[in-house]
Amino acid sequence: MSNDVVCEAESCDSASRRFAASIQYDGAAYHGWQSQRSGIASVQLHVESALSRVANHDVAVVCAGRTDSGVHASHQVIHFDSPAERTARGWTFGANANLPDDIAFNWVVEADPGFHARFSATYRRYRYVILNQATRPAILPRGVTWNYRPLDEEKMAAAAQALVGEHDFSSYRAVGCQAKSPVRTISQLRVDRFGSLIVIDVQANAFLHHMVRNIAGVLMAIGCGKEPVSWAQEVLEHRDRARGGVTAPPYGLYFVDVGYPQDFALPRPDPMGPMFLSALLG
């Protein structure tokens with residue numbers, strides 16, 4: 001996002017109010033969340049266009065965490081400013097009426113003027129969904145990542161624990177990552193199997209570019225027996241992306257939660273996404 005857009009989203013006149021919203025989207029058709037050059041499909045472009053129609057003025061938004069091309073979200077949080085008098089239902093259903101079928105608002109609420117979707121966040125959470133079976137899927141082919149090799153989820157879970165805590169994740173970020181520091185704190189990293197589905201569930205204060213996909217790539221290499229359980233920690237200690245594993249595909253990755261201080265009193269996702277896992281994960 002350009003600095004001009006950020007400034008527009010963060011500044012408001014005395015008549016404007018701040019709103020927070022939760023959005024879900026299937027990212028398969030988009031080149032990520034962030035608006036890019038003209039003609040490139042992005043989730044942000046559609047969201048801002050829909051809100052602008054409802055508000056009857058140009059609306060710019062700020063998100064909790066920008067997702068890459070092909071990545072999905074069940075609970076992406078944004079904020080925007082507007083002086084328009086609309087009910088929460090009016091914002092939600094009005095925006096949805098102007099969005100494509102693969103993007104939808106979960107809710108819109110008026111927020112504290114000091115709320116910031118990105119800078120107020122205390123953690124972000126992703127789930128990476130692997131379909132582990134011999135044959136490729138015809139249903140949700142871009143909703144899961146298919147791995148035909150038998151994966152040992154217990155080895156994957158054991159390896160993952162080396163990444164919990166505060167670490168330099170240079171080996172787990174994209175070469176072109178622009179973050180000033182490679183240090184991040186993972187507070188939770190689980191690997192669970194539900195039949196043919198394996199779910200990597202990771203929560204951190206923030207994430208680096210391709211960080212979750214690179215973690216998934218390393219854990220799948222361990223799960224299929226290509227690398228030992230100790231490899232996840234060895235990769236971490238190298239602090240060199242060239243010594244890391246293959247970046248896993250984006251299709252099974254979902255942005256599912258973002259935490260904020262209770263004082264903001266924002267609605268919580270219930271159940272946690274993606275929706276086809278809700279009966280399994282609760």
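The values are calculated or read from the model by the stated rules, or taken from the named source; none is laboratory data. Everything quoted here is computed from the prediction, not taken from an experiment. Cβ coordinates were reconstructed from backbone atoms using ideal geometry, including for glycine residues, and neighbour counts include every protein chain displayed.
It is to be established whether one or more residues within region 92-102 are surrounded by 15 or more Cβ atoms within 10 Å (Cβ to Cβ), assigned to a strand (DSSP E or B) and of a type in the set (Asp, Glu). Taking every residue of region 92-102 in turn, none turns out to be surrounded by 15 or more Cβ atoms within 10 Å (Cβ to Cβ), assigned to a strand (DSSP E or B) and of a type in the set (Asp, Glu). The condition of being over 18 Å from Lys226 (Cα atoms) and of a type outside the set (Gly, Ala, Ser) holds for Leu197.
Here's the yes/no breakdown for (1) touching a residue at least 12 places away in the same chain (Cβ under 8 Å); (2) out of contact with any Pro (no Cβ under 7 Å at 6 or more places or on another chain):
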site	(1), (2)
Leu131	yes, no
Ile139	no, yes
Asn147	yes, yes
Pro182	yes, yes
Val202	yes, yes
Phe207	yes, yes
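What do you reckon, is Thr145 over 22 Å from Thr122 (Cα atoms) and of a type in the set (S, T, N, Q)? Yes, satisfied.
Annotation note: of Ala134, Ala84, the sole residue that is outside the structural domain of Tyr30 (by TED's automatic domain parsing), among the small types (Gly, Ala, Ser), over 23 Å from the mean Cα position of the chain (by Cα) and over 17 Å from Ala248 (Cα atoms) is Ala134. When the test is whether a residue is hydroxyl-bearing (Ser, Thr, Tyr) and surrounded by fewer than 19 Cβ atoms within 10 Å (Cβ to Cβ), Ser187 passes it.
Kindly evaluate Leu151 against the criterion of being crowded, with 16+ Cβ neighbours inside 10 Å, within 23 Å of His210 (Cβ to Cβ), in contact with a helix residue (DSSP H, G or I) (Cβ under 6 Å, 6 or more places away or on another chain) and not small (Gly, Ala, Ser). Yes. Is it fair to say Gly39 is under 24 Å from the mean Cα position of the chain (by Cα), in a loop (DSSP other than H, G, I, E, B), surrounded by 14 or more Cβ atoms within 10 Å (Cβ to Cβ) and of a type outside the set (A, V, I, L, M)? Criteria not met by Gly39.
Scanning region 96-113 for residues that are in contact with a Lys or Arg (Cβ under 8 Å, 6 or more places away or on another chain) and among the small types (Gly, Ala, Ser) gives a single hit, Ala111. For beta carbons closer than 6 Å, sequence separation of 6+ or different chains, a first residue in region 232-244 that is among the polar types (S, T, N, Q) and a second that is modelled with pLDDT of 95 or more, the qualifying pairs are Gln233/Ala162. Of the helices (runs of 4 or more DSSP H) lying entirely inside region 164-282, those containing at least 2 residues that are closer than 23 Å to Arg149 by Cα and of a type outside the set (Asp, Glu) are 211-223, 231-238. In region 164-176, the residues that are at positive phi reach residues that are in a strand (DSSP E or B) and buried (at least 16 other Cβ atoms within 10 Å of the Cβ) with C-beta atoms within less than 7 angstrom, at least six apart or across chains, in these pairs: Gly165/Ile186.
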